[in-house]
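The structure under discussion appears below in the form of structure tokens.
Since every read-out is calculated from the coordinates, none of them should be taken as a lab result. Bear in mind the structure is a predicted one, so any value in this text is a computation, not a measurement. Cβ atoms come from the backbone with ideal geometry, glycine included; neighbour counts cover every protein chain shown.
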Amino acid sequence: MSEHELQAIFDRKIENEVKIEPKDWMPDAYRKNVLRQMSQHAHSEIVGMLPEGNWITRAPSLRRKVALLAKIQDEAGHGLYLYSAAETLGTDRERIVLDLLEGKAKYSSIFNYPALTWADIGAVGWLVDGAAIVNQIMLQKTSYGPYSRAMIRICKEESFHQRQGYEILLTLCRGTEEQKAMAQDALNRFWWPSLMMFGPSDKDSPHSAQSMAWKVKRMGNDELRQKFIDQTVKQADFLGLTLPDPDLKWNEEKGQYDWGQIDWEEFYNVIKGNGPCNKERLAARQKAYDNGAWVRDAATAYAKKRAERKNKEAA
Amino acid sequence: MEKKQALFNYLLRLADNSAILGHKLSEWCGHGPELEEDIAIINTALDLLGHSRSLYTYAGEVEGKGKTEDDLAFLRIEREYKNALITELPNGHYGDTIARQYLFDQFNYLLFIELEKSSDETVAAIAAKAIKEIRYHLRRSIEWTLRLGDGTEESHAKIQEAFDDVWAYTGDLFVQDDSDLVIIAEGIGPDLKAIQPIWREKVKATLAEATLLIPEDGWMHSGSKQGRHTEHMGHILSELQYMQRTYPGCEW
Ligand SMILES: [Fe+2]
Ligand SMILES: [Fe+2]
Ligand SMILES: [Fe+2]
């Protein structure tokens with residue numbers, strides 16, 4: 001079949017909402033685009049373990065410690081699942097991980113912000129997992145089959161994380177003045193970076209239009225961000241917390257909230273590496289990779305020896 | 001010593017073992033040698049923390065002063081923690097963690113199969129539930145001992161050194177005091193002196209299969225049952241107790 005015909009089949013599938021599967025022909029640019037998104041997503045799950053991990057040993061109760069640990073374990077599972085799904089595009093996990101360590105692949109900029117107090121664990125669950133869900137619900141309908149299925153599986157756990165985070169904040173807000181202040185402070189610090197998670201405005205987003213055309217993404221960054229804001233305002237009200245945006249106001253006519261200005265300079269700075277924890281996050285991943293090398297080598301060597309021994313016995 | 005006091009002491013030791021080792025393992029979260037290991041090690045940490053919660057809760061009931069699992073886990077002074085010294089040692093490299101874990105798992109497994117037969121129904125029930133998980137921990141730490149021992153030259157040297165280093169802390173696992181004697185007499189828990197030779201045989205076999213040498217039984221550390229800890233313990237508690245000490249009396 002000529003490339004022209006293959007392209008036509010691919011286009012028809014996209015048009016008719018038929019998922020693209022690993023063995024199907026796809027344009028190189030599509031493959032690259034999906035791999036970029038999936039690996040970025042996988043890296044975010046893994047790097048995202050670090051800020052929350054910062055509080056495991058200081059969690060204030062056994063119940064909270066266990067819940068936090070289980071939540072981070074879920075994120076590791078998401079990362080693993082997404083790496084496997086990304087591998088179906090023909091690049092192996094080792095290479096994908098090395099791209100992160102070599103600074104060639106990105107991860108969500110939110111994880112370059114520090115988790116400074118226990119309330120941050122609540123704020124991360126509520127806002128960061130919350131924003132991730134809005135994005136991932138949209139991605140359940142993405143055109144690449146393995147990615148779509150990964151999202152369907154992962155979304156359920158993310159909703160649980162979000163509720164858990166919200167419940168941490170609710171407990172703080174019903175506690176002492178100090179606890180409530182801790183919750184407000186966390187919200188103040190995490191609100192704007194959470195909105196940045198949806199990426200630049202569509203008109204400034206380099207991959208947006210093509211991703212939408214291929215139905216890799218089904219909604220624009222601005223639309224997703226608005227959706228997140230509209231659903232989060234009520235939740236903040238219920239907590240009795242104030243969102244740190246003086247321009248936030250219900251717009252009756254539009255049926256949605258008007259809100260202020262994102263500091264895009266901060267966003268681009270963090271992406272460039274100038275965030276509070278960029279260096280620490282990558283260094284932690286690099287260290288785990290380096291320190292684990294001899295362990296991985298040993299596991300490989302042992303597996304090989306064992307297989308050889310089995311072969312000998314069988315012979 | 002009366003039975004109630006002995007049982008309370010005994011439960012705290014078991015609970016502290018699981019809580020402190022679970023705490024140490026949780027430090028690996030996000031830093032393991034591969035993603036699968038992060039997940040597996042968190043699993044063990046979660047199981048151990050789960051066991052500690054059941055044990056603390058029961059300890060609080062036995063004591064009868066209305067203490068919760070968190071009161072006991074977070075609000076004692078260092079001397080009142082009775083975890084075995086081996087559980088509070090630093091994680092070191094992965095081989096150090098595996099050596100510590102295998103030696104403890106092997107002990108914990110032999111202990112908990114006996115606790116399943118405890119004359120105390122609650123202890124027996126907690127043990128029956130925990131043993132399934134501990135069996136899995138043991139299988140996993142044996143597997144890793146084999147992989148590292150019989151893996152590469154480098155891993156062999158590293159894990160051998162790890163076992164050699166940690167060995168002097170194993171004697172502390174088997175020290176018995178007055179509480180233990182009451183526990184044995186009441187049929188609540190086993191005589192650790194009877195478990196020790198079995199433990200040694202099992203460890204010897206595993207290390208032999210892993211092409212490792214069993215370290216010599218020289219001088220041994222002790223003191224955990226009197227709450228005499230290593231220098232590491234204070235640092236563990238500074239983190240563990242940070243929130244509870246900074247914000248006393250809050251709900252979280
Ligand atoms: Fe996740
Ligand atoms: Fe999550
Ligand atoms: Fe699990």
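Values as computed for the structure displayed
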| item | result |
| --- | --- |
| Counted residues, the stretch A:128-182 - those being of a type in the set (A, V, I, L, M), within 14 Å of ligand 1 (Cβ to nearest atom) and without any contact (Cβ under 8 Å) to a residue 24 or more places away in the chain | 3 |
| Residues of the stretch B:134-176 classified as without any contact (Cβ under 8 Å) to a residue 60 or more places away in the chain, crowded, with 17+ Cβ neighbours inside 10 Å, more than 17 Å from B:GLY92 (Cα to Cα) and within 14 Å of chain A (Cβ to nearest Cβ), total | 3 |
| Output for the stretch B:64-94, where each listed residue is surrounded by 17 or more Cβ atoms within 10 Å (Cβ to Cβ) and part of a helix (DSSP H, G or I) | B:GLU69, B:ASP70, B:LEU72, B:ALA73, B:PHE74, B:LEU85, B:ILE86, B:THR87, B:GLU88, B:TYR94 |
| Identity of the residue in the stretch A:68-81, within 12 Å of ligand 2 (Cβ to nearest atom) and of a type in the set (A, V, I, L, M, F, W, C), that ends up farthest from A:ILE154 (Cα to Cα) | A:LEU68 |
| Residue in the stretch A:172-194 that is away from ligand 2 (no atom under 16 Å from the Cβ), among the hydrophobic types (A, V, I, L, M, F, W, C) and outside any helix (DSSP H, G or I) present | no |
| Qualifying residue in the stretch B:31-50 (condition: under 18 Å from the mean Cα position of the chain (by Cα) and more than 14 Å from chain A (Cβ to nearest Cβ)) | no |
| Subset of the stretch A:228-251 [out of contact with any helix residue (DSSP H, G or I) (no Cβ under 9 Å at 6 or more places or on another chain) and among the charged types (D, E, K, R)] | A:ASP230, A:LYS234, A:ASP237, A:ASP247, A:LYS249 |
| Verdict on A:PHE190 being within 16 Å of ligand 3 (Cβ to nearest atom), over 14 Å from the mean Cα position of the chain (by Cα) and either farther than 17 Å from A:VAL233 by Cα or more than 14 Å from chain B (Cβ to nearest Cβ) (or both) | no |
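One line per residue, one yes/no per condition, for (1) within 9 Å of chain B (Cβ to nearest Cβ); (2) under 20 Å from the mean Cα position of the chain (by Cα); (3) part of a loop (DSSP other than H, G, I, E, B); (4) within 16 Å of ligand 1 (Cβ to nearest atom):
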position	(1), (2), (3), (4)
A:HIS41	no, yes, no, yes
A:PRO60	yes, no, yes, no
A:LEU89	no, yes, yes, no
A:LYS106	no, yes, yes, no
